[in-house]
Amino acid sequence: MNMNKRIPVIAANWKMYKTKDEALAFIFQVNELVPARSKVESIICAPSILLNLLVKREGENIRIGAQNMHYMDEGAFTGENSPLQVKTAGAEYVLIGHSERRSYFNETDETVNKKLHAAIKHEITPILCIGEQLDERESGRTKAVLDHQLEIAFKDIHPADAAKVIIAYEPVWAIGTGKTATPEMANDTIKDVREKVKALYGAEVSEAVRILYGGSVKTDNIRSLLAQSDIDGALIGGASLDPNNFLEFTKAALEF
Ligand code: 13P
């Protein structure tokens with residue numbers, strides 16, 4: 001991890017897990033034990049219906065994020081949440097373009113771009129998710145796929161705003177499968193992502209932007225991932241549902 005300027009990020013993606021009681025038990029357990037915010041950004045991305053409940057109980061060093069939002073401020077979009085509503089709930093981050101949204105809910109690079117604009121407009125920190133499918137990796141198209149996702153996602157985003165975006169590289173074949181990219185493979189791909197950000201915005205932005213790895217991150221592989229030069233943190237699904245694991249991830253981020 002390059003600790004020169006970039007603060008590491010540990011983000012839990014709870015996906016569609018946890019009841020109210022489970023969410024409360026989790027936050028009460030981790031609130032006082034996560035590292036100082038100045039050292040690690042510890043984020044819980046929770047289902048929308050639990051956001052305000054968590055925000056009301058969040059300790060000084062925990063931050064809450066949504067897992068998705070619409071790009072319109074309001075409208076007849078049954079079942080969706082607007083950026084204003086995410087903000088009203090008190091969430092400070094939002095996942096955008098998670099691969100499950102792309103594959104099950106028809107999100108495209110174009111809607112991802114609109115959501116990125118909306119997040120920036122409403123001062124919600126976006127965690128932009130990108131990643132290649134298994135066949136794309138195997139046929140040597142990973143770089144082209146990620147470059148394309150980044151080009152469209154960042155279309156017409158101002159450089160000063162681009163630097164604030166957190167990028168999560170999540171190879172689709174590694175999500176929920178127990179197959180992690182090797183730390184070297186993840187780092188090489190993340191270096192390519194940083195190169196693309198440099199091509200789009202220049203060296204200053206590419207050095208400032210945090211790039212996370214996601215996909216079957218566990219307590220036994222987090223350290224080898226964070227030890228890499230360009231991996232600034234992790235976006236964690238299944239393993240982050242256990243508060244003890246979440247605490248271990250945040251503490252691991254202090255070690256590099
Ligand atoms: P897993 O950690 O369960 O593989 O999920 C990764 C993910 O999708 C995080 O957004």
Residue ID - surrounded by the most Cβ atoms within 10 Å (Cβ to Cβ), chosen from residues in region 225-246 that are more than 16 Å from Tyr213 (Cβ to Cβ) and out of contact with any helix residue (DSSP H, G or I) (no Cβ under 6 Å at 6 or more places or on another chain): Leu241
Residue within region 100-112 that is touching a Ser or Thr at 6+ places or on another chain (Cβ under 9 Å), of a type in the set (A, V, I, L, M) and closer than 30 Å to His148 by Cβ present: no
Neighbours by Cβ (under 8 Å, 6+ apart or cross-chain): first from region 165-193, farther than 19 Å from Gln149 by Cα and β-branched (Val, Ile, Thr); second near the ligand (Cβ under 10 Å from one of its atoms) and part of a loop (DSSP other than H, G, I, E, B): Thr177/Gly215; Thr177/Ser216; Thr180/Gly215; Thr180/Ser216; Thr180/Val217; Thr180/Lys218
Members of region 146-194 found to be within 11 Å of the ligand (Cβ to nearest atom), more than 16 Å from the chain's Cα centre (by Cα) and assigned to a helix (DSSP H, G or I), listed by number: Trp173
Hits in region 195-237 - residues which are under 23 Å from Ile96 (Cβ atoms), within 16 Å of the ligand (Cβ to nearest atom) and in a loop (DSSP other than H, G, I, E, B): Arg210, Gly215, Ser216, Val217, Ile231, Asp232, Gly237
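Results for (1) within 14 Å of the chain's Cα centre (by Cα); (2) of a type in the set (A, V, I, L, M, F, W, C), shown as yes or no for each residue.
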site	(1), (2)
Lys5	no, no
Ala12	yes, yes
Leu24	no, yes
Ile44	yes, yes
Pro47	no, no
Residue in region 167-183 that is at pLDDT 95 or above and farther than 22 Å from Ser240 by Cα present: no
Hits in region 84-124 - residues which are in contact (Cβ under 8 Å) with a residue 60 or more places away in the chain and outside any loop (DSSP other than H, G, I, E, B): Tyr93, Leu95, Ser99, Glu100, Ser103
Every residue from region 194-221 that is free of Cβ contacts under 8 Å to residues at least 40 places away in the same chain and within 24 Å of Glu248 (Cα to Cα): Val217, Lys218, Thr219, Asp220
Subset of region 200-217 [hydrophobic (A, V, I, L, M, F, W, C) and farther than 18 Å from Ala186 by Cα]: Leu200, Ala203, Val205, Ala208
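The values are calculated or read from the model by the stated rules, or taken from the named source; none is laboratory data. Since the structure is predicted, the reported quantities are computational estimates derived from the model, not experimental observations. Cβ sites come from the backbone with ideal geometry, for glycine too, and all protein chains shown count toward neighbours.
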